[in-house]
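Derivation of every value follows stated rules applied to the coordinates shown; laboratory data play no part. This structure is a prediction, so every number in the text was calculated from the model and none was measured. Quick reminder, even Gly has a Cβ in these numbers, built from the backbone with ideal geometry, and neighbours come from all protein chains shown.
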């Protein structure tokens with residue numbers, strides 16, 4: 001059985017390039033999806049506390065460890081949620097994650113978003129006076145949280161990184177600590193190439209993991225998997241459009257974590273297709289005049305009134321990320 005291509009991280013750890021994403025999977029679907037994935041060659045699993053399904057992942061891991069795979073053959077990532085950014089909360093949430101998963105350690109632990117919520121009032125603490133808005137902790141900085149993450153015991157976490165961080169935010173935590181994140185996990189697909197961020201990451205030897213590699217299904221927005229150019233390349237390669245979009249991310253050197261709960265699609269997404277430079281450039285042309293970010297916190301319900309990416313659609317946000 002093929003386990004796919006391997007990328008070596010700056011920590012020296014081997015990371016399987018194609019992983020299984022578990023975001024937006026409905027209750028009672030993730031357990032089967034993880035089991036399908038591991039039985040069909042996946043060795044990279046991407047999780048998070050806020051997905052609220054890590055207990056199901058843990059149930060699946062019990063089914064496949066050690067009967068199908070040894071723990072050390074898996075690369076398991078999880079993420080610290082916003083309401084545990086305070087230094088005294090960081091290891092507590094990690095311990096909860098390990099308990100839910102039934103594991104002794106994670107291969108990679110990421111700060112999920114560069115914004116803190118107040119602790120102790122759920123994953124999405126409501127604003128005390130504004131309806132339909134999340135409370136923001138404006139005192140805990142990214143540097144505070146990064147320093148706490150760096151202090152996590154190595155026997156519990158093998159490597160640490162971030163997610164959804166911009167160049168400015170990365171610069172802030174690196175200049176304050178001298179420690180470069182191993183990974184930055186970002187939304188990445190042909191409509192959001194983020195070339196400047198990718199260039200910076202290469203210079204710093206920060207690996208990029210691409211989430212939402214197939215785009216998201218927003219009402220009123222055409223599906224990226226149904227774009228004529230993607231369909232054209234897929235037909236040429238006798239591949240699915242999802243395989244072509246995963247291949248676009250892999251061509252750029254990313255690890256890619258498509259989400260699926262259907263066994264046939266889980267298997268299909270894992271089959272790595274090679275893009276020629278010509279086909280890669282053809283697919284890249286989709287985003288030249290049509291840049292689209294699907295995952296923007298100020299558009300959430302309830303919304304986070306914070307400017308994370310410093311982009312036009314966020315200009316109404318009243319609070320800018322507190323880096324240091």
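Ordering 133-146, 102-115 by mean Cβ neighbour count within 10 Å, with the highest value first, yields 102-115, 133-146. Per-residue Cβ neighbour counts within 10 Å put 10, 175 in the sequence 175, 10, beginning with the fewest. Of the peptides 177-183, 234-240, the ranking by mean beta-carbon count within 10 Å, highest at the top, reads 177-183, 234-240. Need one word for the range 64-185: rounded, prolate or oblate. Basis is the Cα gyration tensor (sqrt eigenvalues a ≥ b ≥ c); a/c below 1.5 gives rounded, then a/b vs b/c decides. Because a/c hits 1.5 or more and a/b fails to exceed b/c, the range 64-185 counts as oblate. Using alpha carbons only, the radius of gyration of the range 135-214 set against its Kirkwood radius gives Rg/Rh = 0.99.
Compute the distance from the alpha-carbon center of the range 43-74 to that of the range 224-250, in whole Å. Going from one Cα centre to the other spans 29 Å.
Per-residue ellipticity at 222 nm from helix content only, as computed over the chain with -39500 (n - 2.57) for each DSSP H run of at least four residues, stands at -9500 deg cm²/dmol.
The ranking of 204, 70 by Cβ neighbour count inside 10 Å, starting from the fewest, reads 70, 204. Fully extending the segment from residue 195 to residue 40 would add 52.5 nm, taking 0.36 nm per residue of separation and subtracting the current Cα-Cα distance. Where both residues lie in the range 166-324, what percent of DSSP beta bridges are antiparallel, nearest 5? Close to 10 percent.
Using R₀ = 41 Å, calculate the FRET efficiency as 1/(1 + (r/R₀)^6) where r is the Cβ-Cβ separation of residue 168 and residue 63; round to 0.05. Given R0 = 41 Å and the Cβ-Cβ separation, E is 0.45. Quick one: grab the alpha carbon gyration tensor of the range 190-285, order the square roots of its eigenvalues as a ≥ b ≥ c, and give me rounded if a/c is under 1.5, else prolate or oblate depending on whether a/b is larger than b/c. Cα axes put the range 190-285 in the rounded bin.
Beta bridges from DSSP with both residues in the chain: antiparallel share about 15 percent, rounded to the nearest 5.
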